[in-house]
Every structure is written in structure tokens, then in C-alpha cells.
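Report on one structure; see the data block that follows.
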Amino acid sequence: MSDAPILEVENLQKKFGGITAVDGVSFTLETGKITGLIGPNGAGKTTTFNLISGFYKPTGGTIRFNGTDTQEIMRPSSAERSIWTGASASSIGILGIGAGRVLFGASPSVLAGGAVVGAGAGIGLYLGQGAYRNRSEGTKHSRPFQLAQQGMIRTFQITRELTEMTVLENLLLAPQGQMGENIVNAVVRRDAVAEDERQLREQTEEVIDLLELNHLRDEEAGNLSGGQRKLLELGRVLMLEPDLVLLDEPVAGVNPSLTDRIMDAITSMRDEGYSFCIVEHEMDVIMEISDRIVAMAEGKKMAEGPPEEIQENQQVLESYLGG
Ligand SMILES: Nc1ncnc2c1ncn2[C@@H]1O[C@H](COP(=O)(O)OP(=O)(O)O)[C@@H](O)[C@H]1O
Ligand SMILES: [Mg+2]
């Protein structure tokens with residue numbers, strides 16, 4: 001394993017209108033370590049998380065994941081851009097002909113005029129699409145899946161469709177883009193698909209063992225307790241074998257015995273080389289589990305260091321008492 005940090009955040013800034021939620025924050029996440037992100041309410045933790053995972057676009061600063069700027073990772077490829085341009089160009093043409101017919105009938109002398117009007121409408125539509133795209137890029141990214149494909153995964157709550165599936169099915173279905181889903185592969189590379197399937201089953205059993213979910217494997221996710229569901233969410237993340245896992249309050253509202261189990265699972269994964277960044281409000285939990293702590297307050301980084309050191313940091317303690 002390399003010593004290079006898995007993630008480097010440099011002078012990160014996020015403004016929402018007049019509010020600066022994240023105000024020039026820099027820190028690194030070390031590879032194979034658990035970093036805890038702490039701070040009182042409104043410190044900017046969730047916003048930082050959303051910036052790292054690509055759900056928000058920074059108003060300043062950079063984030064490098066495995067050495068590459070995440071903005072670069074999420075940028076649409078030129079192929080995608082030409083598809084977009086091509087689609088817009090054809091919409092201009094089709095609109096031109098359509099408008100020509102509707103407005104002027106089939107008379108050839110005026111059809112050309114109609115095409116011009118139609119083309120104008122088409123160009124308007126094209127520009128409108130562009131403006132829409134720019135506006136949505138201003139706040140949100142539509143492409144955080146690109147980061148997930150590169151190995152940065154954050155937990156998501158189990159959606160409604162998934163609550164009707166069993167624990168086992170939830171885990172089996174977690175990995176996207178399995179070879180078996182591809183029809184060409186299924187026909188041409190039947191052996192490879194079978195091998196893939198076997199590995200998937202094996203990996204599922206490992207995750208079930210690690211999280212001690214065996215007694216619940218055939219239970220529908222909708223019947224799980226809140227804590228058990230958090231365990232399953234973690235399991236779905238582990239199925240993707242990510243390099244970096246982002247967890248937002250993984251033990252919020254979870255009972256103590258399940259909390260221990262979730263923490264054990266996270267430390268086992270860390271020992272296998274996975275990197276974690278965890279936002280957690282429970283001080284005891286985050287101090288016990290983290291190798292390093294980044295403490296924020298009012299959008300700024302207040303302190304960074306080993307848990308023992310941060311626990312004694314006067315400024316950090318005061319911000320918590322005040323917040
Ligand atoms: N989408 C948003 N629009 C406007 N203000 C926001 C938005 N998200 C967060 N904020 C503001 O940014 C600040 C930091 O919020 P947040 O990142 O949620 O803090 P934390 O997770 O540490 O409690 C707060 O003042 C909050 O009100
Ligand atoms: Mg928050």
C-alpha cells in the first residue's frame with residue numbers, strides 16, 4: 001500500500017448565497033486509516049461530505065482523490081458532450097421541418113421560411129438546455145456516480161424497493177455492472193459469468209459473516225430494526241469493495257450492542273486496508289474508532305490530530321459546550 005493520502009482537501013469553500021458553510025478548509029485522509037470529522041451543529045461537516053462525494057460543487061478550492069482532482073473525474077467525457085450536441089442539432093432540424101409544415105402547410109415556397117423559423121426555435125431550445133445545464137452545475141453535480149466507480153462510496157439509506165427484498169438479495173444486488181447483467185457477456189463468456197457469480201456469492205457470505213447477519217439473511221429489509229438496517233447499508237457498501245468509504249452518522253439511533261458490531265466491522269475493514277471518513281455526533285464513538293480527527297467549527301478547521309490530542313484541545317471543548 002502506498003503512503004500517499006487517499007484524499008487531499010485544499011482550501012475548500014462552499015457558499016450558499018450569503019452563507020459560507022465551508023470556509024477555506026484543508027485536510028488529508030490517510031490511506032488505510034479512519035478519519036473522524038467532528039464539530040458542533042452547523043460546523044459544515046455535512047456540506048464537506050457532500051463536496052467530497054461530489055453532490056455539491058465547491059465554490060473554491062480542490063479535492064484530490066487518489067491524486068486526481070474530483071472535478072476532473074466527474075467531467076463529462078468528450079463522447080458524452082458530442083452526443084449532447086448531436087441530439088440538440090437534430091432537434092433543431094426536426095423542429096425546423098415540423099414548424100414549417102404546421103405554420104405554412106406543404107407549399108414548397110414557404111416551407112423554407114418555416115424551416116428558418118423552426119431552426120430559430122430549435123436554437124432557442126438548444127441554448128435553453130445549455131443554460132439549464134449550467135445552472136444545475138452551479139449547485140449540484142449530476143455525476144457523483146463517477147466517483148463511486150473510481151472507488152469512493154458513501155452510504156445511502158435503503159430505498160423503498162429494497163425494503164421488499166431480503167438481506168441476502170440486498171447484498172447480492174449491491175454491485176453494479178456485474179458481468180452477468182450484460183447480455184453479450186452472458187452469451188459469449190458464459191464461463192466467466194459463472195465464475196463471477198460464484199465470486200459474488202462468496203463475497204456475500206464474507207460480508208454476512210463479518211456483520212453477523214446470518215440469522216437475518218432471509219428477512220426482508222423492511223422488517224429490520226433501525227440499527228440492523230444501518231448494518232445492512234454498511235454491508236451493501238462493503239460489497240462494492242471501495243477504496244474510501246464515507247459514513248454520515250453510522251451509529252445514530254443505534255443501540256449499544258449493534259453500535260459495537262458496526263464499529264467492529266469498520267475497524268476490521270480498516271485493518272484490511274480500507275480508508276474511512278466518518279461524521280459522527282457521538283463523541284465517545286468517534287474518539288474510540290478514529291485514527292485521526294479533524295475538528296470543524298463555523299465552516300473552518302479548528303484542529304487536526306490524534307483523538308487523544310483533540311480530546312484535550314481547549315478550543316474544541318469550548319466549541320462543543322457553546323454549540
Ligand atoms: N443547502 C443549503 N443551503 C443553505 N445553507 C445551507 C445548506 N446546507 C447547509 N447550510 C448551512 O451551512 C452551515 C453548515 O451546515 P452543515 O454542513 O449541515 O453543518 P453540520 O453538518 O456540521 O451540522 C449551516 O449554517 C447551514 O445552515
Ligand atoms: Mg450535519
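Within the bounds of the stretch 63-73, is there any residue that is in contact with a helix residue (DSSP H, G or I) (Cβ under 7 Å, 6 or more places away or on another chain) and either small (G, A, S) or in a loop (DSSP other than H, G, I, E, B) (or both)? Within the stretch 63-73, not a single residue is in contact with a helix residue (DSSP H, G or I) (Cβ under 7 Å, 6 or more places away or on another chain) and either small (G, A, S) or in a loop (DSSP other than H, G, I, E, B) (or both). Scanning the stretch 17-55 for residues that are near ligand 1 (Cβ under 8 Å from one of its atoms) and touching a helix residue (DSSP H, G or I) at 6+ places or on another chain (Cβ under 6 Å) yields a total of 4.
Residues in the stretch 257-304 that are among the acidic types (D, E) and in contact (Cβ under 8 Å) with a residue 60 or more places away in the chain: E280, D291, E298, E304.
Take P307 and decide whether it is under 24 Å from G44 (Cβ atoms) and at pLDDT 90 or above.
Details: under 24 Å from G44 (Cβ atoms): yes; at pLDDT 90 or above: yes.
Considered against the rule, which asks whether it is under 24 Å from G44 (Cβ atoms) and at pLDDT 90 or above, P307 comes out as yes.
Summed over the stretch 1-22, the residues that are surrounded by 18 or more Cβ atoms within 10 Å (Cβ to Cβ) and among the charged types (D, E, K, R) give a count of 1.
Please work out if E312 is over 27 Å from G151 (Cβ atoms), within 16 Å of ligand 1 (Cβ to nearest atom) and either touching a strand residue (DSSP E or B) at 6+ places or on another chain (Cβ under 9 Å) or open to solvent by 10 Å² or more (accessible area, probe 1.4 Å) (or both). Please lay out each step first, then the result.
Details: over 27 Å from G151 (Cβ atoms): yes; within 16 Å of ligand 1 (Cβ to nearest atom): no; either touching a strand residue (DSSP E or B) at 6+ places or on another chain (Cβ under 9 Å) or open to solvent by 10 Å² or more (accessible area, probe 1.4 Å) (or both): yes.
No.
Can you tell me which residue in the stretch 227-254 is surrounded by the fewest Cβ atoms within 10 Å (Cβ to Cβ), limited to those that are touching a residue at least 40 places away in the same chain (Cβ under 8 Å) and β-branched (V, I, T)? This residue is V237.
Can you find a residue in the stretch 249-270 that is within 16 Å of ligand 2 (Cβ to nearest atom), touching a strand residue (DSSP E or B) at 6+ places or on another chain (Cβ under 7 Å) and within 11 Å of I38 (Cα to Cα)?
Restricting attention to the stretch 249-270, the residues satisfying the condition of being within 16 Å of ligand 2 (Cβ to nearest atom) are 249-253.
Now restrict to residues that are touching a strand residue (DSSP E or B) at 6+ places or on another chain (Cβ under 7 Å): 249-250.
Of the ones still in play, those that are also within 11 Å of I38 (Cα to Cα) are 249.
For the stretch 249-270, residues within 16 Å of ligand 2 (Cβ to nearest atom), touching a strand residue (DSSP E or B) at 6+ places or on another chain (Cβ under 7 Å) and within 11 Å of I38 (Cα to Cα): present.
Within the stretch 239-250, restricting attention to residues that are more than 16 Å from ligand 1 (Cβ to nearest atom) and at pLDDT below 90, which residue is farthest from the chain's Cα centre (by Cα)? If we take residues in the stretch 239-250 being more than 16 Å from ligand 1 (Cβ to nearest atom) and at pLDDT below 90, then E241 is farthest from the chain's Cα centre (by Cα). Which residue, of S275, S290, S268, S257, is of a type in the set (S, T, Y), more than 16 Å from ligand 1 (Cβ to nearest atom), open to solvent by 60 Å² or more (accessible area, probe 1.4 Å) and on the phi < 0 side of the Ramachandran plot? Residue meeting the stated conditions: S257.
The values are calculated or read from the model by the stated rules, or taken from the named source; none is laboratory data. The structure displayed is predicted, hence computed values, not measured ones. Ideal geometry is used to build each Cβ from the backbone, glycine not excepted, and the neighbour counts take in all protein chains shown. What goes into the accessible areas is simple: the full protein's heavy atoms, side chains included, and nothing from ligands, DNA or RNA. Shrake-Rupley method; radii C 1.70, N 1.55, O 1.52, S 1.80 Å.
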